[in-house]
Amino acid sequence: MRTMKIGKSGIEASVVGIGAWAIGGDSQWGPSDESESIRTIHRARELGVTLLDTAPAYGLGHSEDVVGKALVGRRSDYVLSTKCGLRWDVKEGSLMMERDGVRIMRNTRPERLAEEIEMSLRRLKTDYIDIYIVHWQALPDFPCPIADTMGFLTDLKKQGKIRAIGAANLNREQFIEYTAVGQLDLIQEKYSMLDRVAEDTFFDLCDQHGVTFQAYSPLERGTLTGKITVDTKVNLTTAKSKVKWFQPENLPKIAALAEKWAPLCRKYDCSMTQLVIGWTAAQGNGHNVNALCGARKLDQIEENAKGGDVVLDAVDIAAMRLDAEAIA
Ligand SMILES: NC(=O)c1ccc[n+]([C@@H]2O[C@H](COP(=O)([O-])OP(=O)(O)OC[C@H]3O[C@@H](n4cnc5c(N)ncnc54)[C@H](OP(=O)(O)O)[C@@H]3O)[C@@H](O)[C@H]2O)c1
């Protein structure tokens, strides 16, 4: 597994990460098997996947709980990221969403983050987080200056509770604000070969400021594996129902891509999933993109991890880009 530097933090992590959102289960993903999730996290490490991402909001603490169990006795083997800024246990904040009767609020104020970090450390059974990411940004109806949030996170870093600061779901102005007031080492944004909006928004800034771009949902929640056809019975839970590629009229387009790329899969001796992961990691302006792929099953991590070893020729990267553009 290739590795890469995370911003200027000095942290070295695998090019492919394992995302533990689905491990949280709930209505977003449907139930997950806890022991298989733990085995998947352990297998990831055996395959060289060191970067492990979770968040308090994934299953309202459940994903962090499961990750915490998986990390017992193995903490230093992983680069662990979790997040802050979403609360379901306090009333104040901007309403992010209502899920299963629970109101989830955006709140990035330092006094709330001070509570959150302790709760995450407890659930994760650790005394430090490698990359601490602001999950969603404050909204005007419950504002918090980025300088205040960043000031608090920088203090956490000085105390040794976190090693690097990240931010997710930003706009360009917010990125610039973060980097103006502190050291931002990673941004985590929605990015796949079928949804490349983030490259125009962020790649130049990441390059300029030495910030790692981490792509979330690079597999479009499983559709870009090429394994789902119109006949596949998919439990369209909330997370998947938001992905347009699961719609019956779009699945044939993905199947056509799979067919078109069959020769490439033969050339690189890999599956479509691995080709897509290899393509994703090859993006960015001269630096690798970190490909954060969700996995909660052994066969998924076995396949995804090998995607980190697929290094594509420039001509194939360009051709795949055109193929994806033709259907997106
Ligand atoms: N910052 C944010 O706001 C944010 C938002 C979204 C995601 N994320 C992070 O990014 C991670 C990845 O994003 P994501 O989970 O949305 O999307 P993804 O990586 O595109 O898709 C993950 C899902 O695809 C299916 N899958 C994965 N590998 C597969 C394989 N080899 N073969 C067949 N199916 C496979 C699995 O679904 P099943 O388990 O149902 O089979 C898996 O849960 C998350 O886990 C989370 O850590 C962050």
Write down the Kirkwood hydrodynamic radius of the range 1-137, to one decimal in angstroms, obtained as one divided by the mean of 1/r over all alpha carbon pairs.
15.4 Å
The long-range amide H neighbours of Ile133, using H built 1.01 Å from N in the peptide plane and a cut-off of under 5 Å, are Thr82, Lys83, Cys84, Gly166
Estimated vicinal HN-Hα couplings, Hz - the range 167-184 in sequence order (Karplus 6.51, -1.76, 1.60; Gly, Pro = x)
9, 10, 6, 9, 10, 4, 4, 5, 4, 5, 5, 4, 6, 6, 10, x, 9, 9
Exceeding the 28 Å Cα-Cα cut-off - candidates Lys253/Lys306; Lys8/Lys161; Lys69/Lys227:
Lys69/Lys227
Taking the Cα atoms of the range 188-328, what is the range of coordinates along each of the three principal axes, in descending order and whole Å?
46, 35, 32
Given GluC sites (Glu not before Pro), DSSP loops and at most 11 other Cβ atoms within 10 Å, the longest exposed-site-free stretch of the chain is 93-248
Can you list the equivalent-ellipsoid semi-axes of the chain, largest first and in whole Å, using the square root of 5 times each Cα gyration tensor eigenvalue?
30, 22, 20
Got a sec to turn the phi values of the range 110-126 into Karplus ³J(HN,Hα) couplings, 6.51 cos²θ - 1.76 cosθ + 1.60 with θ = phi - 60°, whole Hz, x for Gly and Pro?
x, 5, 7, 5, 4, 6, 4, 4, 5, 5, 5, 4, 5, 5, 7, 6, 9
More than 14 Å apart: what percent of Cα pairs in the range 262-328 qualify?
58 percent
Kirkwood Rh, Cα Rg: Rg to Rh for the range 104-253?
1.04
What's the longest piece of the chain with no exposed trypsin sites (Lys or Arg not before Pro), counting a site as exposed if DSSP puts it in a loop and it has at most 11 other beta carbons within 10 Å?
92-232
Taking the alpha-carbon set of the range 72-174, what are its Rg and Dmax in Å?
13.8, 43
Between 0 and 90 degrees, rounded to the nearest ten: what's the tilt of helix 34-46 against the longest Cα principal axis of the chain?
80 degrees
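Bear in mind that the values in this text are calculations on the coordinates, not laboratory data. This is a predicted model, so every value here is computed, not measured. When we count neighbours, we look across all protein chains shown, and the Cβ atoms used for this are built from the backbone with ideal geometry, even at glycine.
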